[in-house]
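Reading through the structure tokens given below for one structure.
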Amino acid sequence: MFAKTLFPAVLAAIVLPAFGAEWLTDFEAAKQKAAAEHKPIIMDFTGSDWCGACMHLHSSIFEKPEFDAFVKDKFILLEIDCPHGDKMPAEEKARNEALVESYSVHAFPTVLVLSPKGDVLGGFLGSGFSMEQVQKELQQGADNLPRLEKAQALTGPEKLQALGELYKSLNNDARPCATSIEEQIIQNDPQDTLGFAHRRAVERQRRDIKSRTMRLMQWRDSAQILAAVAELQPTVMPENLPLVLELKITGNVLAAQSEEDLAKARDSLQAELDSMPESPQKAEVANRLKATFSDIHHLFLQLKAMRARQAELDMMR
């Protein structure tokens, strides 16, 4: 009888687990059903054939009758599976991977509470939680749905303030995934009074620098690395200076031809680091700098051995 009340697109997207809760697997169908019933969505990013924590979350929480009773008539359930195997059609797998990207999911499992339009209202990462803890996080997300709808109905400074307060109320797990609310704040804050546009620009530049660093590390060419540093430094935002300095550490070490070169590089890099404002990134690079140059003699011996191995490889080609 229940199935007859659902439209075909939703029927095709249902997974029937061992207990009573129905999990959809299609994002658009879940949003359509959530809008029709005015309910928030629980979206579970999982790796069903490789993620042990995901499997534990399902067996210890999602497959329990207590969970079914909690979500009944309150949430729309959506599973976004990202398996390593080939059990999923390529098209569905591509759609799910696109959702991972759009919601900035970096760990599995990630469980988000969404509005019917897909805005993040709350959530959590990982497993090992009690049923009570999971229900608390999910309920807080559900409680944010009327807050979001009220904020979106406002205009001007009142709307900006309400959206900003909602975003700040999200926990540290959900906040990085709430990109759509961030975008709404930026659109309603042309002067960037709340700093969201600046923070987004910093994050984008940080990702670009890290991506470039990974490519450069594959070649381990000191000239290329130091040329990239020289190109980046004039335009890098202050918050990202430690990332460039970390790249510079590698370039200076690879370019050193003596222990004296390494000592000079250490002192120059330390002075540059000292001039930067305090930040978690600065603290991380300070540890890297200290560890790298803790024994200059041993470091130089490592460099000589690496160069000797590279010379042997070059002769074999």
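The values are calculated or read from the model by the stated rules, or taken from the named source; none is laboratory data. Quick caveat: nothing in here was measured; it's all calculated off a predicted structure. Counting neighbours? That spans all protein chains shown, and the Cβs are built from the backbone with ideal geometry, glycine included. Just so you know, the surface numbers come from the protein's heavy atoms only, side chains and all, with ligands and any DNA or RNA stripped out. Shrake-Rupley method; radii C 1.70, N 1.55, O 1.52, S 1.80 Å.
For the reader, a short list of remarks on this structure follows.
- For the chain, with +1 on Lys and Arg beta carbons and -1 on Asp and Glu, the positive-most of Leu269, Val236, Ala107 along the dipole: Leu269
- Set of segment 220-234 residues, backbone N closer than 15 Å to the point 7 Å along the Cα-Cβ line of Glu272: 222-234
- Inter-part distance, segment 187-266 to segment 122-147, computed on C-alpha centroids, equals 37 Å.
- Computed [θ] at 222 nm, helices only, for the chain once each DSSP H run of length n ≥ 4 contributes -39500 (n - 2.57): -19000 deg cm²/dmol
- Counting only DSSP beta bridges whose two residues both lie in the chain, roughly 60 percent are antiparallel.
- Structure-derived P(r) over Cα pairs in 20 Å bins from 0, in percent: which label, when the choices are (1) 35, 61, 4; (2) 32, 58, 10; (3) 26, 43, 27, 4, 0: (3)
- For segment 206-317: rounded, prolate or oblate by the Cα gyration tensor [a/c cutoff 1.5]: oblate
- The chain, dipole about Cα centre (Lys/Arg Cβ +1, Asp/Glu Cβ -1), debye to the nearest 20: 320 debye
- Rolling a 1.4 Å probe over the protein heavy atoms gives the chain an accessible area of 55 Å² per residue.
- With a 1.4 Å probe rolled over the protein heavy atoms of all chains, the accessible area of Lys290, Lys87, Lys74, Lys39 falls in the order Lys290, Lys87, Lys74, Lys39, largest first.
- Entry note, segment 206-317: relative contact order of 24 percent, from Cα contacts under 8 Å with a spacing of 6+ residues.
- The chain, relative contact order in percent, only Cα pairs under 8 angstrom and at least six apart counted: 12 percent
- Summing Cβ point charges (Lys, Arg +1; Asp, Glu -1) relative to the Cα centre of segment 193-291 gives a dipole of roughly 520 debye.
- Cα centre as origin, Lys/Arg/Asp/Glu Cβ charges: segment 43-134 dipole, Debye: 160 debye
- Solvent-accessible area of segment 272-317 (1.4 angstrom probe, protein heavy atoms only): carbon and sulfur portion equals 58 percent.
- Summary value for segment 84-146: 25 percent relative contact order, contacts being C-alpha pairs under 8 angstrom separated by 6+ residues.
- Only protein atoms count toward the accessible area here, which uses a 1.4 Å probe; on segment 110-225, the carbon and sulfur part of that area reaches 50 percent.
- When the pairs Lys31/Lys136; Lys31/Lys282; Lys64/Lys150; Lys87/Lys117; Lys33/Lys168; Lys39/Lys282 are compared against a 32 Å limit on Cα-Cα distance, Lys31/Lys282; Lys64/Lys150; Lys39/Lys282 fall above it.
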